[in-house]
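Nothing in this text is a laboratory measurement; each read-out follows from the coordinates by a stated rule. What you see is a predicted model; the values in this text were computed from it and never measured. Cβ placement follows ideal geometry from the backbone for every residue including glycine, while neighbour counts extend to all protein chains displayed.
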Amino acid sequence: MKNLILDSPFKDSFSDYMVKGESIIWEGQPISINYLGNDDTSDDYETHRLITMLFIGIILFLSWINGPFLIILVFAMLFFFAIVLPKLNRKNKRNFTYAITQNQILFQFKKKWSRKIVLHSIPFSEIKDIIVVMTYDVEKIKADYRNAHEAIPEMYNRSGLEKIGTIFIVPHHPESIKFDTVNLQNNDKRHLPTLELLDDAKSVTRLILERIRNTNMLL
């Protein structure tokens, strides 16, 4: 059931890989990166900005030599590289979907700039434990700002911010996991499989732990 790669366009959903009587009891995605208020700090954004400035410099120079036509091209390139491309890239960060069934945790990834779907599974029988890392310790952050006599940024007053977290899955045999997940805030590869940036990580954690316990009782 592990590491299923879907090459058929007719097999692109979790239900295609569940046995009779098995059903999805939870399904979700990472929260929008926009919600975290850190789009402009991503490596992708910086790369696109540098490329944009390089193209603008080259095209402005050519425009000075060859006339007004290239000035139009400048604005077209600026719009694409500075606005369209970063938005497309951030949208691709949302191409992760997770599901939990009675027997397994399922991962569905859609590759960048492709319609190909990749599906992976980790059965509960192969999970030793999980680790939950909350993205924000909101009360501590607020206390730090108060102690520094600084105004608390408005984003830390958002409802539900303290519930956002990432769940790391600790397998019995790490070498059996043949796929990688990434930290969606900085694109670094994770050392363990993860369910990233869930908007109610604690409730999902309880559900996974319950399924692990139930599975162990049957073994």
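List of remarks:
- Modelled FRET efficiency - R0 22 Å, A143 with R206, Cβ distances, 0.05 increments: 0.20
- Sparse-neighbour loop sites [GluC sites (Glu not before Pro); region 120-182; at most 12 other C-beta within 10 Å; DSSP]: E150
- Total formal charge among the other residues, if their Cβ is under 14 angstrom from that of Y145, Lys/Arg +1 and Asp/Glu -1: -2
- Residues H191, H120, sorted so that the one with the fewest Cβ neighbours within 10 Å comes first: H191, H120
- With both labels modelled 7 Å from their Cα along Cα-to-Cβ, the Y136 to S13 distance reads 3.4 nm.
- With R₀ fixed at 45 Å, the C-beta to C-beta distance from N157 to K20 puts the FRET efficiency at about 0.40.
- Per-residue extension of 0.36 nm, minus the Cα-Cα distance of S176 and R213, leaves a gain of 11.2 nm for this segment.
- Whole-Hz Karplus values for region 188-202 come out as 6, 6, 7, 7, 9, x, 9, 9, 8, 6, 7, 7, 8, 4, 5 Hz, taken residue by residue from phi with 6.51 cos²θ - 1.76 cosθ + 1.60 and θ = phi - 60°; glycine and proline positions read x.
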